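The values are calculated or read from the model by the stated rules, or taken from the named source; none is laboratory data. This structure is a prediction, so every number in the text was calculated from the model and none was measured. Here the Cβ positions follow ideal geometry from the backbone for every residue, glycine too, while neighbour counts run over all protein chains shown. With ligands, DNA and RNA removed, areas are computed over all heavy atoms of the protein, side chains included. Shrake-Rupley method; radii C 1.70, N 1.55, O 1.52, S 1.80 Å.
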Amino acid sequence: MVVVGIFGVALGTFVLTTVDEDIMGLVLAAVIIGYIAVNQLRPAFELSERLAARTAIPIGFLSGTLQGSSGMSSPLLSPYLHSYRMPRQAYVLSLTVLFMVYGIVQLPALAVAGLLTVERLVLGVVAVIPIYISLRAGIRLGSRITNLAFDRWVFALLGLTAAKLIADTFL
């Protein structure tokens, strides 16, 4: 999944220079809303081992492509990994590692595409500080809430992400 995701980041960086970002945003929002709907209709939905094995490579590639083209792979990775129903610490760790790998790969891809300026690099490095603080706080808070509350937070954040993507397109 990670290896094909890395190739997806390279492709996504090319897509970033060619595809309308409003279209990308609406596609991402539709994916998120679809996952939320599936979980509301089938709350016990869990990705079977067979389906997980068949979808890991396409999801890895598509999430890498999203990372490269939009700077965020979470609208696809978050619901996909959540559907595994893994323990919350494994879920958070999996997302964090994937985000980190994709982000590291994205830097040279952006540089090669001529999209990485010194200003953007500095802003990206500075952004790591609040991300780290938020991640640490989330890990501490996460250990104090129930699995049901954790799932509700995941769905709330996914819903807010979809709403923001739609609002960015039309506002």
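Highlighted here are the helices (runs of 4 or more DSSP H) found entirely within the stretch 8-83 that include at least 2 residues which are without any contact (Cβ under 8 Å) to a residue 40 or more places away in the chain and open to solvent by less than 30 Å² (accessible area, probe 1.4 Å): 74-82. Open to solvent by 40 Å² or more (accessible area, probe 1.4 Å) and not in a helix (DSSP H, G or I) - does that describe any residue in the stretch 119-134? No; the residues of the stretch 119-134 include none that is open to solvent by 40 Å² or more (accessible area, probe 1.4 Å) and not in a helix (DSSP H, G or I).
Which residues, taken from the stretch 84-101, are within 30 Å of residue 44 (Cβ to Cβ) and assigned to a helix (DSSP H, G or I)?
Scanning the stretch 84-101 gives 88, 89, 90, 91, 92, 93, 94, 95, 96, 97, 98, 99.
Considering only residues of the stretch 81-96 that are among the aliphatic types (A, V, I, L, M) and within 11 Å of the chain's Cα centre (by Cα), which is farthest from residue 138 (Cα to Cα)? Once the filter is applied, the top-ranked residue is 81. Screening the stretch 84-118 for residues that are of a type in the set (Ser, Thr, Tyr) and open to solvent by less than 50 Å² (accessible area, probe 1.4 Å) and picking the one that is nearest to residue 4 (Cα to Cα) gives 102.
Select from the stretch 139-171 the residues that are of a type in the set (Gly, Ala, Ser) and open to solvent by less than 40 Å² (accessible area, probe 1.4 Å) and list them in ascending order. First the steps, then the outcome.
Start the filter on the stretch 139-171 by keeping residues that are of a type in the set (Gly, Ala, Ser), which leaves 142-143, 149, 156, 159, 162-163, 167.
Within the stretch 139-171, 142, 149, 159, 162, 167 qualify.
Comparison of 6, 23, 59, 32 shows that the only residue that is of a type in the set (Val, Ile, Thr) and closer than 20 Å to residue 152 by Cα is 32.
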